[in-house]
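So the structure is just underneath, and the comments pick up after that.
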Ligand SMILES: [Zn+2]
Ligand SMILES: [Zn+2]
């Protein structure tokens with residue numbers, strides 16, 4: 001069972017790493033750490049290679065491209081192929097309920113519909129035609145979103161809660177973030193599609209993780225398979241359990257994905273319930289951070305603390321995501 005112990009240790013390490021990065025991402029320590037790391041690396045890696053890496057990173061994260069969509073579909077395809085090829089058949093032989101086994105496919109269909117909608121839908125592009133109506137939707141807080149601000153690239157007045165996306169080169173109403181996995185901005189009009197996409201993706205990973213775990217537990221522990229050994233071609237003693245490497249690898253992948261996606265889903269649901277966008281959550285602390293020189297105010301100035309003025313109760317906040325104000329009339333105007 002050494003393999004399993006090592007595997008669990010590896011999984012725990014990855015999860016601790018991700019949680020630490022999430023906690024540090026709101027502080028300036030991580031930026032300092034990244035800058036220090038980049039300086040060390042710049043002395044080791046040749047200049048031409050650094051330039052090539054910068055070009056690749058710029059292409060991947062600062063331009064609109066389909067790389068992550070392809071990667072997403074490839075990984076999803078591989079996991080479902082393995083599930084269909086091995087787990088599904090074995091589970092049927094072991095007498096698992098067919099409804100239970102078909103659940104990942106149902107989730108896949110719903111997921112692909114909302115994935116496509118997240119990719120192709122208009123997130124809330126602000127144009128000259130809808131600028132006026134969108135300016136009326138949210139109140140200006142005068143801290144994070146002052147009145148009468150203009151985007152000189154798009155040549156529009158910026159409504160409260162909007163932001164110019166540098167990747168898409170457009171201003172987006174109730175801007176949340178730019179998602180490379182769907183190659184689109186997430187804003188007022190497609191946040192609902194993105195939320196359901198995330199929910200079904202997490203559910204499909206978790207369902208597969210549960211089915212594969214129950215299958216392996218039944219196969220390995222109940223039938224004492226983990227104690228069975230055989231002698232391989234080279235004369236080494238091997239555990240029979242390790243003859244299912246693809247299933248074990250897939251299980252590790254979907255378990256890790258379930259935790260990561262589950263954590264991100266909880267964060268997204270928290271933002272939806274409290275009526276905040278990722279952009280506002282990220283900038284919220286920085287608006288009054290005394291340690292950051294670029295946002296520090298002169299001591300004589302009145303302290304301006306950011307306060308969320310858009311939350312009007314759980315149901316109203318969720319209603320805003322699923323029935324965004326002015327979406328229909330503004331969509332017609334585009
Ligand atoms: Zn703009
Ligand atoms: Zn964008």
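The values are calculated or read from the model by the stated rules, or taken from the named source; none is laboratory data. Predicted, not measured: the structure shown is a model, and the values here were computed from it. Because the Cβ atoms are built from the backbone with ideal geometry, glycine has one as well, and the counts that use them run over all protein chains shown.
For residue 103, state whether it is assigned to a helix (DSSP H, G or I), crowded, with 19+ Cβ neighbours inside 10 Å and touching a residue at least 40 places away in the same chain (Cβ under 8 Å).
no
Among the residues of the stretch 164-175, which ones are within 18 Å of residue 267 (Cβ to Cβ) and more than 9 Å from ligand 2 (Cβ to nearest atom)?
The one that is within 18 Å of residue 267 (Cβ to Cβ) and more than 9 Å from ligand 2 (Cβ to nearest atom): 174.
Looking only at the stretch 120-135, count how many residues are touching a residue at least 24 places away in the same chain (Cβ under 8 Å) and more than 16 Å from ligand 2 (Cβ to nearest atom). Step through it out loud before you land on a result.
Restricting attention to the stretch 120-135, the residues satisfying the condition of being touching a residue at least 24 places away in the same chain (Cβ under 8 Å) are 120-131, 133-135.
Imposing the further condition that a residue be more than 16 Å from ligand 2 (Cβ to nearest atom) reduces the set to 128-131, 133-135.
Within the stretch 120-135, residues that are touching a residue at least 24 places away in the same chain (Cβ under 8 Å) and more than 16 Å from ligand 2 (Cβ to nearest atom) number 7.
For residue 167, work out the one condition from (1) within 16 Å of ligand 1 (Cβ to nearest atom); (2) within 21 Å of residue 323 (Cβ to Cβ) it doesn't fulfil.
(2)
Could you please find all residues in the stretch 176-186 being crowded, with 24+ Cβ neighbours inside 10 Å and more than 7 Å from ligand 2 (Cβ to nearest atom)?
Taking the stretch 176-186 first, the residues crowded, with 24+ Cβ neighbours inside 10 Å are 176, 182, 184-186.
Across the stretch 176-186, the qualifying residues are 176, 182, 186.
Within the stretch 187-205, restricting attention to residues that are assigned to a loop (DSSP other than H, G, I, E, B) and surrounded by 24 or more Cβ atoms within 10 Å (Cβ to Cβ), which residue is nearest to ligand 1 (Cβ to nearest atom)?
The residue in question is 187.
Between a first residue in the stretch 144-158 that is over 18 Å from residue 174 (Cβ atoms) and outside any strand (DSSP E or B) and a second residue that is near ligand 1 (Cβ under 7 Å from one of its atoms) and at pLDDT 95 or above, which pairs have beta carbons less than 7 Å apart while being 6 or more apart in sequence or on different chains?
Taking only residues 6 or more apart or on different chains, the pairs are 153/164.
Would you call residue 123 modelled with pLDDT of 95 or more and in a loop (DSSP other than H, G, I, E, B)?
For residue 123, the condition - modelled with pLDDT of 95 or more and in a loop (DSSP other than H, G, I, E, B) - is met.
If you check residue 176 against the conditions, is it within 20 Å of residue 320 (Cβ to Cβ), more than 13 Å from ligand 1 (Cβ to nearest atom), in contact with a strand residue (DSSP E or B) (Cβ under 8 Å, 6 or more places away or on another chain) and touching a residue at least 12 places away in the same chain (Cβ under 8 Å)?
Here the answer is yes, as residue 176 does meet what is asked.
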